[in-house]
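Working notes, structure below.
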Amino acid sequence: MPEPILEVSGLVKHYPLTQGILFKKQVGAVGAVDGVDFALGRGETLGIVGESGCGKSTVAKMLVSLERPTAGAIRYKGEDITRLSGRALKAVRRNIQMVFQDPYTSLNPRMTVGDIIGEPYEIHPEAAPKGDRRRRVQELLDVVGLNPEYINRYPHQFSGGQRQRIGIARGLALRPEIIVADEPVSALDVSVQAQVVNLLDRLQSEFDLSYLFIAHDLSIVRHISDRVAVMYLGRIVETGTEAEIYDHPTHPYTQALLSAVPVPDPEARGHRERIILSGDVPSPTNVPSGCRFRTRCWKADERCAVDVPVLAVPEVFRHTTGPAAHASACHFATEWATGPAV
Ligand SMILES: Nc1ncnc2c1ncn2[C@@H]1O[C@H](COP(=O)(O)OP(=O)(O)OP(=O)(O)O)[C@@H](O)[C@H]1O
Ligand SMILES: [Mg+2]
């Protein structure tokens, strides 16, 4: 793994659960993110996958300082940005930008494309002298594959894919080092998704960007990611390189997710069986004891109800260590790792 540009440790976000209107009383907490660790290497793409509600967007929002963590550290080039405020925080925020999921609602319909892409310069006027901004916006339009002459048009005059290009151009305006893309293609037609993913790929090498790429779609994540983290109910349950996760998953949840991906060629599917998980994802207000996946796991035994499995490198993988190692939060990880490929 290249030198880390972002290191996240023990990240927690609990939203208070309140009752009453006049006298709000806290009756519990939603553990949206419940102890997440990962590192993002310079120039690499870390994909985050997991079912709806597992905390992906909450992680994203904390990284770009839209939400304040309940606990934990987010180190950008070694400095914990959760402790920063005011001018120091603003300086860091310039370097970590977000691309949002829905290009239909995330662009202000009353603003021209030029104003939308140039908006970051209003917040960070030091980034570009006023007289330079229009030219920069035109350059950004060109960089994302849109005609610079469209600068005075409005969002409704563009297709979904083009709108997401506008969102990407805005994300690039301050020349950030890190882009957090939260489901950037999920709202787009399948035919357009690949074009936007390819654009992100090209921009990454052109501008030396590091990506955190969040998505539901496992095949898109595989295509774009160097490493992948699989989340379940507020935690990372498995992390590794794209090949490790997709070809040798060692967590039963990852195995189940992958078994649901259609494989066009039955030969390539091999003996991979479709794993149907029982029950629903438990509520983050009431997380099962021990392993939080155990209520849906076909392998779980008494130990799983008591011991919380930590994200660790199985014995047989110990030749790889550090934040880039193939790690799994399952008591049976070593067994999975040595057994036949799933
Ligand atoms: N502001 C909030 N107040 C209370 N609970 C919240 C808030 N935001 C998110 N949650 C809860 O936190 C959990 C994680 O939400 P989050 O949006 O991070 O999930 P996600 O993985 O991004 O899901 P999706 O794939 O649907 O986008 C969910 O149970 C959600 O209901
Ligand atoms: Mg989300």
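The values are calculated or read from the model by the stated rules, or taken from the named source; none is laboratory data. Since the model is a prediction, treat every value here as computed from it, not as a measurement. Note: ideal-geometry Cβ built from the backbone for every residue, glycine included; neighbour counts use all protein chains shown.
Values computed for the structure shown
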| quantity | calculated |
| --- | --- |
| Failed item, numbered, when residue 69 is tested on (1) in contact with a Phe, Trp or Tyr (Cβ under 9 Å, 6 or more places away or on another chain); (2) modelled with pLDDT of 95 or more; (3) within 15 Å of ligand 1 (Cβ to nearest atom) | (1) |
| Where a residue in the stretch 197-211 is touching a residue at least 12 places away in the same chain (Cβ under 8 Å) and its partner, wherever it lies, is surrounded by 18 or more Cβ atoms within 10 Å (Cβ to Cβ) and hydroxyl-bearing (Ser, Thr, Tyr), with Cβ under 6 Å and at least six apart | 211/45 |
| The stretch 214-226, subset buried (at least 23 other Cβ atoms within 10 Å of the Cβ) and closer than 30 Å to residue 289 by Cα, residue nearest to ligand 1 (Cβ to nearest atom) | 214 |
| The stretch 1-49: number of residues that are modelled with pLDDT of 90 or more, among the aromatic types (Phe, Trp, Tyr) and surrounded by fewer than 20 Cβ atoms within 10 Å (Cβ to Cβ) | 1 |
| Residues (surrounded by 17 or more Cβ atoms within 10 Å (Cβ to Cβ) and part of a loop (DSSP other than H, G, I, E, B)) located in the stretch 123-143 | 128 |
| Within the stretch 43-99, tally of residues that are more than 27 Å from residue 285 (Cα to Cα), of a type in the set (Asp, Glu) and touching a residue at least 40 places away in the same chain (Cβ under 8 Å) | 1 |
| So residue 162, is it out of contact with any helix residue (DSSP H, G or I) (no Cβ under 7 Å at 6 or more places or on another chain) and away from ligand 2 (no atom under 16 Å from the Cβ) | yes |
| Filter result for residue 120 (over 24 Å from residue 216 (Cβ atoms) and crowded, with 16+ Cβ neighbours inside 10 Å) | yes |
| Residue satisfying condition, being aromatic (Phe, Trp, Tyr), closer than 28 Å to residue 91 by Cβ and more than 16 Å from ligand 2 (Cβ to nearest atom), within set 150, 154, 121 | 121 |
| Breaking point among (1) among the small types (Gly, Ala, Ser); (2) at positive phi; (3) within 15 Å of ligand 1 (Cβ to nearest atom), for residue 43 | (3) |
| Out of 52, 57, 85, sole residue that is of a type in the set (S, T, N, Q) and modelled with pLDDT of 95 or more | 57 |
| Pick from the stretch 184-213, criterion modelled with pLDDT under 95 and within 16 Å of ligand 2 (Cβ to nearest atom), ranking: surrounded by the fewest Cβ atoms within 10 Å (Cβ to Cβ) | 186 |
| Tally, over the stretch 251-280, of residues that are under 23 Å from the mean Cα position of the chain (by Cα), modelled with pLDDT under 90 and either within 14 Å of residue 50 (Cβ to Cβ) or not acidic (Asp, Glu) (or both) | 4 |
| Index of the failed condition, residue 147 passing every other in (1) exposed (fewer than 15 other Cβ atoms within 10 Å of the Cβ); (2) under 27 Å from the mean Cα position of the chain (by Cα); (3) not small (Gly, Ala, Ser) | (2) |
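Residue by residue, here is whether (1) over 25 Å from residue 325 (Cβ atoms); (2) over 17 Å from the mean Cα position of the chain (by Cα); (3) within 16 Å of ligand 2 (Cβ to nearest atom) holds:
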site	(1), (2), (3)
2	no, yes, no
9	no, no, no
18	yes, yes, no
27	yes, yes, no
32	yes, no, yes
70	yes, yes, no
77	no, yes, no
84	yes, yes, no
